[in-house]
Amino acid sequence: MTRVRDALAGKRFFVTGATGFLGTALVERLMRTIPDSEVVLLIRPGRRSSPMQRATREILKNDCFDRLRQAHGDRFDAEVASRVSAVAGDVGTDGLGLDDDARQVLATCDIVIHSAATVSFDSPLDSAVEVNLLGPSRVAAAVVQARADAAEAGKVGPTHFIPVSTAYVAGTHQGEAPEQ
């Protein structure tokens, strides 16, 4: 029987929402448990910082990476540099706001995990609709386009699209919870 970890070894993941709580934990878990995997992060560029600078500041410096820092010691930064990259984009924009290079990067990924969302209950409704309602369909459309782009180059492109909902991940309910 193939273990999930073994089946995912060496895969390239494209992750949205990595600057959020759930996304940061996901990136750490992928790096720690999936050997030889690579993680490409879709991050909105800041006014004065690149997507990779934001990733370093908002994700990789997080305490949840302490276990990896301890495991890799002085090699932690090199490990991150060899396995994590970031592209500029925004799930609130058609085409994810990807430029040609970023679209090519997406086409080289195996698995797309969409975990971007706005979880602020007082954010403007139009902004929440752009990210939470239209975002998943935009990411799915980008995956379809990436597969087409990869096929043109004789490659496969993303084979899995995994949308993640953050709506109930921190629930306190215990026991069975039937969908009704």
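The values are calculated or read from the model by the stated rules, or taken from the named source; none is laboratory data. From a predicted model like this one, the values you see are computed outputs, not experimental measurements. Every residue, glycine among them, receives a Cβ derived from its backbone with ideal geometry; neighbour counts consider all protein chains shown. Calculation scope for accessible area: heavy atoms of the full protein, side chains included, ligands and nucleic acids excluded. Shrake-Rupley method; radii C 1.70, N 1.55, O 1.52, S 1.80 Å.
Does Glu38 fit the bill of being of a type in the set (Asp, Glu) and in contact with a Ser or Thr (Cβ under 8 Å, 6 or more places away or on another chain)?
Yes: the conditions hold for Glu38.
Can you spot a residue in the stretch 29-40 that is hydrophobic (A, V, I, L, M, F, W, C) and either touching a Pro at 6+ places or on another chain (Cβ under 9 Å) or open to solvent by 50 Å² or more (accessible area, probe 1.4 Å) (or both)?
no
When the stretch 41-56 is examined, which residues are found to be in contact with a helix residue (DSSP H, G or I) (Cβ under 6 Å, 6 or more places away or on another chain) and open to solvent by 70 Å² or more (accessible area, probe 1.4 Å)? If you could, list the steps in order and put the result at the bottom.
From the stretch 41-56, those in contact with a helix residue (DSSP H, G or I) (Cβ under 6 Å, 6 or more places away or on another chain) are 41, 43, 45-46; that's our starting set.
Listed by number, the list holds a single entry, Pro45.
Which one is most open to solvent (accessible area, probe 1.4 Å) among residues in the stretch 57-115 that are among the polar types (S, T, N, Q) and either farther than 17 Å from Leu26 by Cβ or free of Cβ contacts under 8 Å to residues at least 60 places away in the same chain (or both)?
Here the answer is Gln70.
Quick check on the stretch 120-128. Is at least one of its residues over 15 Å from the mean Cα position of the chain (by Cα), crowded, with 17+ Cβ neighbours inside 10 Å and aromatic (Phe, Trp, Tyr)?
Taking every residue of the stretch 120-128 in turn, none turns out to be over 15 Å from the mean Cα position of the chain (by Cα), crowded, with 17+ Cβ neighbours inside 10 Å and aromatic (Phe, Trp, Tyr).
Only residues that are in contact with a helix residue (DSSP H, G or I) (Cβ under 9 Å, 6 or more places away or on another chain), among the hydrophobic types (A, V, I, L, M, F, W, C) and open to solvent by 50 Å² or more (accessible area, probe 1.4 Å): list them for the stretch 130-150, please.
Leu134, Ala141
Quick check: is even one residue across the stretch 53-67 closer than 22 Å to Ala148 by Cβ and either touching a Leu at 6+ places or on another chain (Cβ under 8 Å) or of a type in the set (A, V, I, L, M) (or both)?
no
Only one of these is open to solvent by less than 10 Å² (accessible area, probe 1.4 Å) and not small (Gly, Ala, Ser): Thr24, Thr19. Name it.
On inspection, the qualifying residue turns out to be Thr24.
Mind listing whichever residues of the stretch 151-160 are open to solvent by 70 Å² or more (accessible area, probe 1.4 Å) and within 23 Å of Ala25 (Cβ to Cβ)?
Scanning the stretch 151-160 gives a single hit, His160.
If I ask for residues that are more than 17 Å from the chain's Cα centre (by Cα), in a helix (DSSP H, G or I) and not basic (Lys, Arg), which ones from the stretch 145-168 would you list?
Answer for the stretch 145-168, where residues must be more than 17 Å from the chain's Cα centre (by Cα), in a helix (DSSP H, G or I) and not basic (Lys, Arg): Gln145, Ala148, Asp149, Ala150, Ala151, Glu152.
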